[in-house]
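Structure first, then comments.
The values are calculated or read from the model by the stated rules, or taken from the named source; none is laboratory data. Here the structure is a predicted model, which means the values were calculated and not measured. Every residue, glycine among them, receives a Cβ derived from its backbone with ideal geometry; neighbour counts consider all protein chains shown. Protein only, heavy atoms only, side chains kept; ligands, DNA and RNA dropped before computing areas. Shrake-Rupley method; radii C 1.70, N 1.55, O 1.52, S 1.80 Å.
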There are 2 protein chains.
Amino acid sequence: MNQLYLTMRQDIIEGRLQVGEQLIETTIAQRYQVSRTPVREALRRLEQDGLVERSPRGGIRVKVWTADEMFDLYELRIILESGAARWAAERKTRLDVIRLRQTNEEMRKLDPAVANNLRDVNLAFHEALWRASHNAPLIDTLGRLQRQIMRHPASTLKHPGRWAAIVQEHDRLIEAIERGDGERAANIAGEHMTEARDLRLANYLADQDKPNLA
Amino acid sequence: MNQLYLTMRQDIIEGRLQVGEQLIETTIAQRYQVSRTPVREALRRLEQDGLVERSPRGGIRVKVWTADEMFDLYELRIILESGAARWAAERKTRLDVIRLRQTNEEMRKLDPAVANNLRDVNLAFHEALWRASHNAPLIDTLGRLQRQIMRHPASTLKHPGRWAAIVQEHDRLIEAIERGDGERAANIAGEHMTEARDLRLANYLADQDKPNLA
DNA sequence: CTGTAGACTTCTGTATACAGTCGTGTGCCA
DNA sequence: TGGCACACGACTGTATACAGAAGTCTACAG
């Protein structure tokens with residue numbers, strides 16, 4: 001919908017708008033060659049996305065996440081992905097299963113050493129999972145969360161052996177969903193996200209000293 | 001912050017803006033005696049709150065919830081409240097426990113037959129619980145969800161015996177949290193919300209024929 | 001040298017005007 | 001009489017101008 005909103009969101013996610021940067025409406029307007037009106041709208045939406053925040057002094061800045069906050073985001077995501085998996089097992093359609101399979105097969109074909117779309121295709125799998133839950137507010141919430149988490153480089157996918165492990169876990173998850181075993185699906189999804197959290201946080205803590213990556 | 005946003009949100013929650021009503025910017029602007037600019041901002045924020053939605057034709061309407069969607073909202077809330085209770089048990093401070101106790105004692109003192117602030121004080125208890133989880137994204141998400149659910153009259157609190165039962169369940173929940181028993185706290189909270197869901201949906205379905213309440 | 005007051009600068013909030021798009025209705029032609 | 005085209009109207013998206021709040025800097029006085 002809003003072109004500027006999408007552009008700015010991408011610019012934040014991909015780091016072109018620096019963390020902590022003061023976002024002054026007139027400056028942003030000049031930068032993107034539009035007037036203040038669309039800038040305001042974009043900023044409001046980004047604020048509700050949790051990608052920018054108002055400082056007490058009234059200014060708006062690109063949100064800085066501490067390690068603690070990243071941990072909280074992942075904790076939340078763990079229970080939401082578990083829930084999504086459980087409901088997917090209960091509510092899936094045949095089309096949902098096909099979509100999951102197809103996306104995971106795409107993932108299997110990729111060579112993590114050379115592919116540069118690991119994050120996108122992995123996200124596609126999770127979106128397929130969310131969708132299979134057939135719970136709109138849940139899908140919406142997971143999307144929001146994902147955008148906040150995506151603010152950070154997804155280097156964990158390049159860890160040696162990680163990609164293959166992910167594809168295998170996805171296999172097990174699909175199988176549980178197809179069998180309608182909600183409990184097992186929830187467990188697998190929970191463990192899956194817990195591993196992602198631990199890897200990510202190890203990464204994050206290691207990067208704490210390199211300010212430009214944080 | 002935004003006065004108009006808050007006013008409109010309240011007007012939607014309390015039914016002064018009718019469900020399904022077409023929200024045309026200029027009309028709203030006249031109605032609230034402001035210009036279109038703040039109206040646009042308020043509408044965008046309400047849209048992200050899920051209180052209004054764009055129809056494919058481009059118009060914005062006050063969102064209509066089907067029984068299925070209400071069910072989904074509650075399903076989501078059940079797992080989030082469970083999560084909040086679990087983390088509260090793990091992360092609570094002494095102040096959190098005091099707050100929970102105090103709010104529940106306030107609830108105990110009320111006579112559900114005559115009090116007209118049942119919803120507010122019950123909400124205060126749950127907010128205290130969320131807060132005790134010390135997980136900001138979770139608190140944020142629960143608040144958003146609550147606003148969507150609040151769109152509907154909370155008549156379930158007036159069911160005979162329901163209020164006393166709620167206070168007792170809260171007692172058990174507080175005790176589990178204080179003991180640090182996350183598993184038990186999560187279970188109690190989950191059951192608590194499940195009961196709320198079932199009562200609410202029974203109510204909701206019974207009201208389906210009375211269009212003005214739906 | 002330090003504290004306070006006042007003005008200037010800067011930013012956000014709001015109003016309004018203008019442009020573009022989309023749907024609908026009417027009129028004309030086949 | 002039916003279909004197509006053109007025009008008008010209504011609504012949203014965008015730009016810009018104006019107002020008000022708040023912070024800062026400087027100057028003057030104690």
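All but one of (1) more than 25 Å from residue B:165 (Cβ to Cβ); (2) without any contact (Cβ under 8 Å) to a residue 60 or more places away in the chain; (3) surrounded by fewer than 17 Cβ atoms within 10 Å (Cβ to Cβ) hold for residue B:90, so report the exception by its number.
Result: residue B:90 passes all but (2).
Going through segment B:48-64 one residue at a time, which ones are without any contact (Cβ under 8 Å) to a residue 12 or more places away in the chain and either more than 16 Å from DNA strand C (Cβ to nearest atom) or within 9 Å of another protein chain (Cβ to nearest Cβ) (or both)?
As a first pass, look at segment B:48-64 and keep what is without any contact (Cβ under 8 Å) to a residue 12 or more places away in the chain: B:48, B:53-58.
Residues satisfying the conditions are B:48, B:53, B:54.
For segment A:42-64, what are the residues that are within 16 Å of DNA strand D (Cβ to nearest atom) and assigned to a helix (DSSP H, G or I)?
Here is the first cut: in segment A:42-64, the residues within 16 Å of DNA strand D (Cβ to nearest atom) are A:42-46, A:54-61.
Passing the criteria: A:42, A:43, A:44, A:45, A:46.
Just wondering, is there one or more residues in segment A:18-27 that are at pLDDT below 90 and either charged (D, E, K, R) or within 13 Å of DNA strand C (Cβ to nearest atom) (or both)?
Kept after step one, since they are at pLDDT below 90, are these residues of segment A:18-27: A:18-22.
Filter once more, keeping what is either charged (D, E, K, R) or within 13 Å of DNA strand C (Cβ to nearest atom) (or both): A:21-22.
Yes: segment A:18-27 contains one or more residues that are at pLDDT below 90 and either charged (D, E, K, R) or within 13 Å of DNA strand C (Cβ to nearest atom) (or both).
Quick grid of which residues meet (1) farther than 30 Å from residue A:187 by Cα; (2) within 16 Å of DNA strand D (Cβ to nearest atom); (3) within 8 Å of another protein chain (Cβ to nearest Cβ):
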| position | (1), (2), (3) |
| --- | --- |
| A:25 | yes, yes, no |
| A:40 | yes, yes, yes |
| A:66 | no, no, no |
| A:78 | no, no, no |
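Does segment A:126-177 hold any residues that are among the polar types (S, T, N, Q), within 14 Å of chain B (Cβ to nearest Cβ) and surrounded by fewer than 19 Cβ atoms within 10 Å (Cβ to Cβ), and which are they?
Looking only at segment A:126-177, we keep the residues that are among the polar types (S, T, N, Q), and these are A:133, A:135, A:141, A:146, A:148, A:155-156, A:168.
Right, trim to within 14 Å of chain B (Cβ to nearest Cβ) and you get A:133, A:135, A:141, A:146, A:148.
The answer is A:146, and nothing else.
State yes or no: is residue B:39 within 30 Å of residue B:2 (Cβ to Cβ), assigned to a loop (DSSP other than H, G, I, E, B) and within 16 Å of DNA strand C (Cβ to nearest atom)?
In short, no.
Within segment A:32-42, can one find any residue that is of a type outside the set (D, E, K, R) and in contact (Cβ under 8 Å) with a residue 40 or more places away in the chain? Let's see the steps before the verdict.
Residues of segment A:32-42 of a type outside the set (D, E, K, R): A:32-35, A:37-39, A:42.
The next check asks that each one be in contact (Cβ under 8 Å) with a residue 40 or more places away in the chain; those that pass are A:42.
Yes.
Can you pull out every residue in segment A:11-26 that is surrounded by fewer than 12 Cβ atoms within 10 Å (Cβ to Cβ) and in a helix (DSSP H, G or I)?
Answer for segment A:11-26, where residues must be surrounded by fewer than 12 Cβ atoms within 10 Å (Cβ to Cβ) and in a helix (DSSP H, G or I): just A:26.
More than 14 Å from the chain's Cα centre (by Cα) and at pLDDT 90 or above, is that true of residue B:53?
Working: more than 14 Å from the chain's Cα centre (by Cα): yes; at pLDDT 90 or above: yes.
When the stated conditions are applied, residue B:53 passes them.
Tell me the residue from B:105, B:175 that is free of Cβ contacts under 8 Å to residues at least 12 places away in the same chain, in a helix (DSSP H, G or I) and closer than 18 Å to residue B:93 by Cβ, please.
On the way: B:105 fails: closer than 18 Å to residue B:93 by Cβ.
Of the residues listed, the single one that is free of Cβ contacts under 8 Å to residues at least 12 places away in the same chain, in a helix (DSSP H, G or I) and closer than 18 Å to residue B:93 by Cβ is B:175.
Which condition number does residue B:42 fail, the rest of (1) closer than 25 Å to residue A:39 by Cα; (2) among the small types (Gly, Ala, Ser); (3) surrounded by fewer than 18 Cβ atoms within 10 Å (Cβ to Cβ) being met?
In the conditions (1) closer than 25 Å to residue A:39 by Cα; (2) among the small types (Gly, Ala, Ser); (3) surrounded by fewer than 18 Cβ atoms within 10 Å (Cβ to Cβ), residue B:42 misses (3) alone.
Yes or no: segment B:96-112 includes at least one residue that is open to solvent by less than 70 Å² (accessible area, probe 1.4 Å), more than 16 Å from DNA strand C (Cβ to nearest atom), charged (D, E, K, R) and away from every other protein chain (no Cβ under 14 Å). Steps first, please.
First, the residues of segment B:96-112 that are open to solvent by less than 70 Å² (accessible area, probe 1.4 Å): B:96-97, B:99-100, B:103-104, B:107, B:110, B:112.
Subset that is more than 16 Å from DNA strand C (Cβ to nearest atom): B:96-97, B:99-100, B:103-104, B:107, B:110, B:112.
Still in the list and also charged (D, E, K, R): B:96, B:99.
Filter once more, keeping what is away from every other protein chain (no Cβ under 14 Å): B:96, B:99.
Within segment B:96-112, one or more residues are open to solvent by less than 70 Å² (accessible area, probe 1.4 Å), more than 16 Å from DNA strand C (Cβ to nearest atom), charged (D, E, K, R) and away from every other protein chain (no Cβ under 14 Å).
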